[in-house]
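J.: Shown below is the structure under consideration.
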Amino acid sequence: MTDLYLYDDALARTFEPFALTRPVSELRAGAELLRRRWERISNIRATGFIGAAHLADFEEFDAPHALPADADIAAGSIVANSRFVLALDELLDPSASAWRSSGQVCAVRLSHPVAAASLADGTLSLESLAHGDATELRGRWVSAIWDFIAQLRTQLADDIDVLAASVTPSAHPAVIIGDNRVTIEQGATIEPYVVFDASGGAIMIRRGALISAFTRLVGPCYVGSDSTIVGDRVANCSIGDRCKIRGEISSTIVLGHSNKGHTGFVGHSYLGRWVNLGAGTTTSNLKNTYGTVQLWTPAGMVDTGQQFLGTVFGDHSKTGIGTMLTTGTVLGAGANVYGSGSHPKHVSPFAWGDGEPYVEFQAEKFLDVAERVMKRRDVTLTDGMRRHLALAHARGTRS
């Protein structure tokens, strides 16, 4: 049986605020996780991921575990670059020895055993492991965290078209505007007085989801299993599983298990897992000058070239009532900010307060909160998860 590994290269490991708490393969691009794209087209359940050492205890739902640094990767295994957003309708040629896109190798089938230690720091390129002719694959590369948002509309359109083809739709009472496909999976609930505006793209609602009355969904738009949309306008968004969304939100990815349960505008943003936004939390996604937005990265502030860019919310981050976030904000993992004053464009991981200087969100207190939050979604904070988050806290507060 062939093994499949997802590889976070050195560039992927700079994708903060998420790189502190998860491998890039467990991020959502368009309507699907990056890992699940590779699993779908290869028909192989991922064996593990190769990432930064501080992710050794990462544990989440069906995600594979980190490959130990002292392990060997067997000949015949497939190693895929986590940053490649594979088209969901691709087919992986079982006889190919390497795959490429846009002139870069995105996956290889190993011709000989490879020590995991050689990939440990992310600097080894898959090109160096490729042999023979490479087969072309369709997809998109992600070179920076804001690419997920910049590519969202196009990626959603591609993904929904493929995913909807395998779903048996159910009847619903919503009003449909436009000619693009609207797919409601059996088991989803659509209340009366819902409008699906499919003029600009397709819409897909997964089983167990609830779309409440007086909601307007604008395509392309994807709503994951068991999520609830509680009114207002949701446009060009990818909403993961077990989320609650109320108020206007546009061009935004919600990884899953997060809450925007009240009014307040969020646009061109990315919410990690276990995020909670207090009532009235609002992101700016456009500068008054209409210029391009700068975003904090581990290498410093970078001009993204994007005119629209809101906030990137790290895993387990929280905002209080009425929090206002400026254009191009990065809210670190576990940060808890509140108050009516302004917050800087970069808030460090596990910061707590209404402005600078922040105090540290103490580790045990943070873990207690995380356990309570996760329990509300019927998820247990395991010992492995606790170790992982404790290490993330130690690393995040040390930097």
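J.: If one puts a single equal scatterer on every Cα of the stretch 253-308 and applies the Debye formula without solvent, what log₁₀ I(q)/I(0) results at q = 0.20, 0.24, 0.25, 0.26 Å⁻¹?
T.: Ignoring solvent entirely, the Cα scatterers give -0.86, -1.01, -1.03, -1.05.
J.: On the Cα set of the stretch 269-399, report Rg and Dmax in Å, please.
T.: 15.0, 48
J.: Taking θ = phi - 60°, what integer Hz values does the Karplus form 6.51 cos²θ - 1.76 cosθ + 1.60 yield along the stretch 165-182, in sequence order, with x for Gly and Pro?
T.: Per-residue couplings from phi come out as 5, 9, 10, 7, x, 10, 6, 7, x, 5, 7, 10, 10, x, 9, 6, 5, 10 Hz.
J.: Another question, then. If each residue of separation counts as 0.36 nm, what is the full-extension length gain between R207 and R398 once their alpha-carbon separation is subtracted?
T.: 64.5 nm
J.: For the chain, what is the mean residue ellipticity at 222 nm derived from helices alone (per DSSP H run of n ≥ 4: -39500 (n - 2.57); sum divided by total residues; nearest 500 deg cm²/dmol)?
T.: -4000 deg cm²/dmol
J.: What does the convex hull of the alpha-carbon atoms of the stretch 154-302 project to on average, in nm²?
T.: 9.5 nm²
J.: Oh, and also: Karplus couplings for the stretch 285-294 from phi (6.51 cos²θ - 1.76 cosθ + 1.60, θ = phi - 60°), rounded to Hz, Gly and Pro as x?
T.: 10, 8, 6, 4, 7, 6, x, 6, 9, 8
J.: Cα-Cα over 21 Å: which of K345/K375; K318/K375; K260/K375?
T.: K345/K375
J.: Given a 1.4 Å probe, how much area per residue of the chain is accessible, in Å²?
T.: 39 Å²
J.: What is the spread of the Cα atoms of the stretch 1-151 along each of their three principal axes, largest first, in whole Å?
T.: Projected onto the principal axes, the Cα atoms of the stretch 1-151 cover 37, 35, 27 Å.
J.: Also, I was wondering about something else. Express in Å², to the nearest 10, the accessible area of K365 obtained by rolling a 1.4 Å probe over the protein heavy atoms while all chains stay in place.
T.: 100 Å²
J.: Of all the accessible heavy-atom surface of the chain, with the other protein chains kept in place and a 1.4 Å probe, what percent is carbon and sulfur? Each step should come with its number before you reach the end.
T.: Working: 7830 of 15740 Å².
With neighbouring chains kept in place, the figure for the chain is 50 percent.
J.: Mind checking the dipole of the stretch 30-107: about its Cα centre, +1 per Lys or Arg Cβ, -1 per Asp or Glu Cβ, Debye to the nearest 20?
T.: Numbers: 7 positive and 11 negative charges, 58 e Å.
Dipole magnitude for the stretch 30-107 comes out near 280 debye.
J.: Right, another one. Which one of S251, I44, N81 is farthest out on the positive end of the charge dipole of the chain, using unit charges on Cβ (Lys, Arg +1; Asp, Glu -1) and the Cα centre as origin?
T.: Value: S251.
J.: Which peptide among 283-291, 270-278, 192-200, 320-328 comes first, and what is the full order, when sorted by highest mean count of other Cβ atoms within 10 Å?
T.: Details: 283-291: 14.9, 270-278: 25.4, 192-200: 17.1, 320-328: 20.0.
Ranked by mean Cβ neighbours within 10 Å, highest first: 270-278, 320-328, 192-200, 283-291.
J.: Sticking with this structure for a sec: Roughly how many whole Å is it from the C-alpha centroid of the stretch 11-37 to that of the stretch 181-212?
T.: The stretch 11-37 and the stretch 181-212 have Cα centres separated by 27 Å.
J.: Applying the Karplus parametrisation 6.51 cos²θ - 1.76 cosθ + 1.60 with θ = phi - 60° to the phi angles of the stretch 364-376, what ³J(HN,Hα) value in whole Hz is obtained for each residue in order, glycine and proline being reported as x?
T.: Residue by residue, the stretch 364-376 yields 5, 5, 4, 5, 5, 5, 4, 4, 5, 4, 5, 4, 5 Hz.
J.: To the nearest whole percent, what portion of all C-alpha pairs in the chain is separated by more than 39 angstrom?
T.: Roughly 15 percent, rounded to a whole number.
J.: Rounded to the nearest 5, what is the percent of antiparallel bridges among the DSSP beta bridges in the chain?
T.: Beta bridges within the chain, antiparallel portion: roughly 25 percent.
J.: Rank V182, A150, W352 by how far each Cα sits towards the positive end of the charge dipole of the chain (+1 on Lys, Arg Cβ; -1 on Asp, Glu Cβ) and give me just the farthest.
T.: Sorting the options by dipole projection puts first W352.
J.: Apply 1/(1 + (r/R0)^6) to the Cβ-Cβ distance of I44 and Y193, taking R0 = 56 Å, and write down the FRET efficiency to the nearest 0.05.
T.: 0.80
The values are calculated or read from the model by the stated rules, or taken from the named source; none is laboratory data. Bear in mind the structure is a predicted one, so any value in this text is a computation, not a measurement. Methodologically, a virtual Cβ is constructed for each residue, glycine included, from the backbone with ideal geometry; neighbour enumeration extends over all protein chains shown. Heads up: the accessible areas ignore ligands, DNA and RNA and are worked out on the full protein's heavy atoms, side chains in. Shrake-Rupley method; radii C 1.70, N 1.55, O 1.52, S 1.80 Å.
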